[in-house]
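Report on the structure given below.
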Amino acid sequence: MAKKNSNDEFRPQGTVAILVIFVITLVVLWGSIYLILLGRGGTV
Amino acid sequence: MSAQEKMHVDRYERNWMVASAILLVLFATAVSIAAFGMGIQVPAPEQRVDPRTVASDPNSPWSNPGIREVVAGEKYDVYILAKTWQYLPAEISIPAGASVTFYVTSMDVQHGFKIQDTNVNFQVVPGQVSKLTVKFTKAGTYNFICTEYCGAAHAAMAGKIVVSP
Amino acid sequence: MSTQAYEITPKDKNFIGWHLAVAIIALAIGSLFGPLQAFEHAGWDLYKYLNPLIKSYYQGLTLHGVLNALVWTTFFITGFLTFTVIYGFKRPLKYPTLNLIGFLLMVVGLVLAAIPILLNEATVLFTFYPPMKANWAFYVGLTLVVVGSWVEGWGFFYTYAAWRKENPGVRTPFIAFGSIITMLLWQIATIGIAVDMLTMLIPWSLGLLPGVDPQLSRTYFWFTGHPLVYFWLLPAYISWYAMLPKQVGGKMFSDSLARFAFWLFLILSVPLGFHHQYVDPGVPPAWKFIHAMLTFSVFFPSMLTAFTVVASLEYGARQNGGKGMFGWMRALPWSNPSVAAQLLAGLLFFFGGIGGLANASYNVNLVLHNTAFVPGHFHLTVGTGVTLTFIGISYWLIPYLTGKKLWQPKWAVAQAWLWFVGMIIFSNSMHILGLLGAPRRTPLNLAPYIPAEWNSRLFQVGIGGAILFVSGAIYLTVVAATFWSKQPATEKVEVPVAEALQDPALGPAWLDRWTPWVVATLALIVLAYGPMLFDLIKNIALTSPGFRVW
């Protein structure tokens with residue numbers, strides 16, 4: 001049964017913490033390039 | 001021992017999967033708004049040409065490359081011929097505030113065409129015509145450079161656009 | 001269970017070892033030229049001292065790209081996968097001669113391609129975009145390398161079939177499962193480049209065709225070009241998912257999701273090649289947009305991989321007494337060079353993912369296309385995520401194959417850190433230069449358009465290159481000293497294969513069925529590529545004769 005697995009005792013909270021930092025970095029860096037794109041204007 | 005058909009997914013990992021999917025949808029939305037709402041688009045097929053005759057055929061605009069005025073002070077077309085290792089013409093003058101459409105093709109190998117500090121940046125492929133438009137709102141000099149390796153003097157392949165106030 | 005020891009025969013060890021030998025020699029020569037490119041950016045031109053042996057920056061760059069991105073990867077991968085197939089299935093190859101033929105084809109192809117490159121007759125970079133025209137031997141050689149890798153892949157498939165016959169109903173062991181998917185992906189992905197070579201480039205280089213269609217050739221090239229990235233990555237993922245957790249004293253966090261991610265990579269990594277052609281003139285924006293959306297979707301299994309791998313590491317660290325939100329990372333065995341190299345590779349790979357997502361974001365590519373941002377990005381992915389992981393694997397695999405003790409593990413750890421630091425400096429400045437508008441694959445100290453504000457960044461590119469050079473030199477020293485050492489291993493080298501937290505046999509059976517996934521893969525390719533390829537082929541114009549422009 002899926003409920004009785006040993007990893008139910010292990011909560012990957014450190015993993016979540018690292019990945020949250022990753023996502024924030026991703027949004028900031030991607031967003032800054034996106035803003036460069038918007039600042040340079042239309043192409044059609 | 002029969003195999004279950006459902007996949008066991010940890011609660012944290014399930015939340016992560018949902019968050020990842022939402023994040024990707026947000027990125028896709030941002031990109032779509034820029035493309036379809038703000039007119040920041042990638043090049044579309046313009047026309048096909050024969051690279052062997054595109055520079056010599058008198059009916060080809062690239063036999064006489066350069067600037068064409070469409071509406072004075074407002075709208076211009078610029079035909080640029082890329083060849084190893086130069087652009088013809090290598091210098092263009094434009095009044096500030098004008099909207100300029102570039103038509104670039106190559107008579108030999110592949111080149112690149114990137115106007116610095118603008119969104120004009122495309123591949124120049126022999127047999128094809130690359131086209132994008134840019135509005136120069138600020139006066140100044142804008143370099144355009146070759147961004148694709150095109151042989152020995154590739155690094156020297158560049159030109160400039162002088163935008164006068 | 002799957003971790004019970006199995007001994008590979010000396011003959012097979014030798015065979016795998018030959019793959020690694022060719023790979024590492026290619027890495028050594030190719031990496032010699034990497035720093036030379038970086039130095040050129042910083043204004044230190046060493047190429048003039050290499051004349052007449054190496055004629056130009058571009059010849060050096062061709063060597064760097066072909067040897068590092070194509071040869072090092074392909075030979076290491078075929079060797080490593082030979083190991084994971086044999087060890088995973090716990091049986092020898094079904095037809096060892098077939099695999100030997102494949103390997104020999106690869107070697108012959110490599111030699112054939114290397115001759116014109118070294119003679120400056122194929123200075124076309126590793127993308128060899130026509131109508132720049134190299135000597136025919138370059139194209140035939142590269143084709144033979146690919147065909148040889150196909151043949152090795154067929155050897156794996158036969159071995160899998162034989163194992164399946166002997167083990168009906170048993171779940172495919174994960175490392176072997178991942179290896180078979182990697183090779184299957186490779187067979188499908190390389191159809192593009194094979195058609196390009198056989199129908200256009202080879203006949204054209206032999207004078208049998210008057211010209212080529214450059215736009216069609218680019219489309220074929222990138223059909224293969226992007227999944228090529230996953231061909232590099234998946235073997236590293238096999239190690240991260242299923243071997244690294246064992247090395248840190250843990251288990252695989254989720255066997256089922258790991259398998260699911262591999263299937264998604266198979267399905268999604270081919271039908272999105274237009275994201276390398278966003279700014280090509282000959283492809284309609286609608287198709288580019290569809291491929292952009294598919295590219296976003298292949299980011300999903302990457303996110304999944306990030307979670308599963310980090311969670312497996314955290315599990316291991318906590319088993320070893322690691323505590324705290326972030327403090328558990330200190331409980332990882334950083335003094336093990338194989339672990340340190342792979343952890344640092346994975347860390348930088350996060351940033352490679354960010355840059356990759358930016359490149360792949362449709363019109364955002366207008367800012368980035370063919371700028372220094374692109375090599376900045378892929379030196380974090382293939383140049384670190386993959387290469388430093390392979391280096392890490394070699395730190396246990398070479399002792400395993402040779403029976404020798406790894407020479408000076410402390411030096412090996414230092415090598416990994418130097419790679420990490422050098423790459424951060426190099427790659428960070430390359431990304432920023434790209435955003436400022438610096439083109440890629442250009443000797444920038446010769447360019448007439450360099451503003452003074454780029455200079456400090458260009459200098460940092462050179463510094464990064466110098467540190468990477470030192471790291472590469474240490475790696476070669478460690479490998480050579482281990483290989484020629486007279487010191488046998490004091491204890492038997494254990495092959496790190498992690499158990500899963502959950503018994504794989506309890507995972508869903510549909511994760512071990514092949515037909516539906518392969519059919520879905522092919523169907524999606526036909527949908528995403530069929531109409532555009534049909535249109536380009538229908539309107540083919542062989543109007544570009546060849547040019548030798550270097």
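The values are calculated or read from the model by the stated rules, or taken from the named source; none is laboratory data. As the structure is a computational prediction, the values presented were derived from the model and not from experiment. Heads up, the Cβs are rebuilt from the backbone with ideal geometry, glycines too, and the neighbour counts pull from every protein chain shown. In case anyone asks, the SASA skips ligands and DNA or RNA and just uses the protein heavy atoms, side chains included. Shrake-Rupley method; radii C 1.70, N 1.55, O 1.52, S 1.80 Å.
For the reader, a short list of remarks on this structure follows.
- Number of the condition not met by residue C:456 [criteria: (1) polar (S, T, N, Q); (2) buried (at least 19 other Cβ atoms within 10 Å of the Cβ); (3) more than 30 Å from residue C:173 (Cβ to Cβ)]: (2)
- Any hit, the range C:519-530, residues being part of a helix (DSSP H, G or I), modelled with pLDDT under 95 and either open to solvent by 30 Å² or more (accessible area, probe 1.4 Å) or over 29 Å from residue C:29 (Cα atoms) (or both): no
- From C:35, C:52, residue being away from chain B (no Cβ under 13 Å), touching a Gly at 6+ places or on another chain (Cβ under 7 Å) and farther than 28 Å from residue C:156 by Cα: C:35
- For the range C:179-225, filtering for residues that are closer than 16 Å to residue C:532 by Cα and touching a His at 6+ places or on another chain (Cβ under 7 Å) leaves 1.
- Pairs meeting the criteria (first residue in the range C:489-517 and within 18 Å of residue C:84 (Cβ to Cβ), second residue open to solvent by 60 Å² or more (accessible area, probe 1.4 Å) and of a type in the set (Asp, Glu), beta carbons under 6 Å, at least 6 apart or on different chains) are lacking.
- The single condition among (1) assigned to a loop (DSSP other than H, G, I, E, B); (2) over 10 Å from the mean Cα position of the chain (by Cα) that residue B:144 does not meet is (1).
Listed here are the residues, each with its yes/no results for (1) touching a strand residue (DSSP E or B) at 6+ places or on another chain (Cβ under 7 Å); (2) open to solvent by 10 Å² or more (accessible area, probe 1.4 Å); (3) in a loop (DSSP other than H, G, I, E, B); (4) without any contact (Cβ under 8 Å) to a residue 40 or more places away in the chain.
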| residue | (1), (2), (3), (4) |
| --- | --- |
| C:323 | no, yes, yes, yes |
| C:329 | no, yes, no, yes |
| C:338 | no, no, no, no |
| C:342 | no, no, no, no |
| C:351 | no, yes, no, no |
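- Meets criteria (of a type in the set (A, V, I, L, M, F, W, C) and either open to solvent by less than 20 Å² (accessible area, probe 1.4 Å) or over 25 Å from residue C:241 (Cα atoms) (or both)) for residue C:421: no
- Filter result (farther than 19 Å from residue C:190 by Cβ and away from chain B (no Cβ under 14 Å)) within the range C:524-550: C:527, C:534
- The residue that is nearest to the other protein chains (Cβ to nearest Cβ), counting only those in the range B:103-129 that are surrounded by 23 or more Cβ atoms within 10 Å (Cβ to Cβ) and aromatic (Phe, Trp, Tyr), is B:122.
- Checked against (1) among the hydroxyl-bearing types (Ser, Thr, Tyr); (2) open to solvent by less than 20 Å² (accessible area, probe 1.4 Å); (3) modelled with pLDDT under 95, residue C:3 meets all criteria but (2).
- For residue C:498, the test of being in a helix (DSSP H, G or I) and either open to solvent by less than 30 Å² (accessible area, probe 1.4 Å) or more than 14 Å from every other protein chain (Cβ to nearest Cβ) (or both) is failed.
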